[in-house]
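S.K.: Please find one structure pasted underneath; my questions will follow.
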């Protein structure tokens, strides 16, 4: 899994590619990286690599409409709080008419 992302540093406003590492704060999980230009810590929350591949391709609202799952359930699955079940994968593949490997296997 790659933990790199291209972002704009909040301090120096330069576009940089950073390698993030997970840090835990008392209230949330964040990912942290240091800007090579100014040395400022940059934080992101809920990066795209922290989610299941299907949620990078389709928005949760659209999946809720198409599959019939609640938005709350889809959010828990996306974050990994609820494990991916075979029933969930089968329903998504059937409703979206795409193969399982395309929706759920990481690239």
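S.K.: Residues of the range 56-72 being over 16 Å from residue 104 (Cβ atoms) and assigned to a helix (DSSP H, G or I), which ones? Can you show your working first?
M.R.: Our first condition is that a residue be over 16 Å from residue 104 (Cβ atoms); within the range 56-72, this holds for 59, 61-62, 64-65, 68, 70-72.
Within the range 56-72, 61, 62, 64, 65, 71, 72 qualify.
S.K.: Using beta carbons and a limit of 6 Å, which pairs, at least six apart or on different chains, have the first residue in the range 11-33 and at negative phi and in the same structural domain as residue 44 (by TED's automatic domain parsing) and the second one at pLDDT below 75 and surrounded by 12 or more Cβ atoms within 10 Å (Cβ to Cβ)?
M.R.: Partner pairs satisfying both residue conditions: 31/47.
S.K.: Only one residue in 103, 18 is modelled with pLDDT of 85 or more and in a helix (DSSP H, G or I), so which one is that?
M.R.: Numbers: 18 fails: in a helix (DSSP H, G or I).
Matching residue, one of 103, 18: 103.
S.K.: Just for the range 21-38: of the residues that are touching a strand residue (DSSP E or B) at 6+ places or on another chain (Cβ under 7 Å) and modelled with pLDDT under 85, which one is surrounded by the most Cβ atoms within 10 Å (Cβ to Cβ)?
M.R.: To start, the set of residues in the range 21-38 that are touching a strand residue (DSSP E or B) at 6+ places or on another chain (Cβ under 7 Å) comprises 21-23, 29-37.
Right, trim to modelled with pLDDT under 85 and you get 21-23, 29-31.
Values: 21: 11, 22: 11, 23: 13, 29: 12, 30: 18, 31: 20.
For the range 21-38, the residue satisfying everything is 31.
S.K.: Another question, if that's okay. Determine the pairs where a residue that is in the same structural domain as residue 90 (by TED's automatic domain parsing), located within the range 64-77, has a partner that is surrounded by fewer than 13 Cβ atoms within 10 Å (Cβ to Cβ) and assigned to a helix (DSSP H, G or I) with Cβ atoms under 7 Å apart, the partner being 6 or more residues away or on another chain.
M.R.: These pairs meet every condition: 64/71; 71/61.
The values are calculated or read from the model by the stated rules, or taken from the named source; none is laboratory data. Every value quoted in this text rests on a predicted model; they were computed, and no experiment measured them. Note that we place each Cβ from the backbone using ideal geometry, even for glycine, and neighbour counts take in every protein chain shown.
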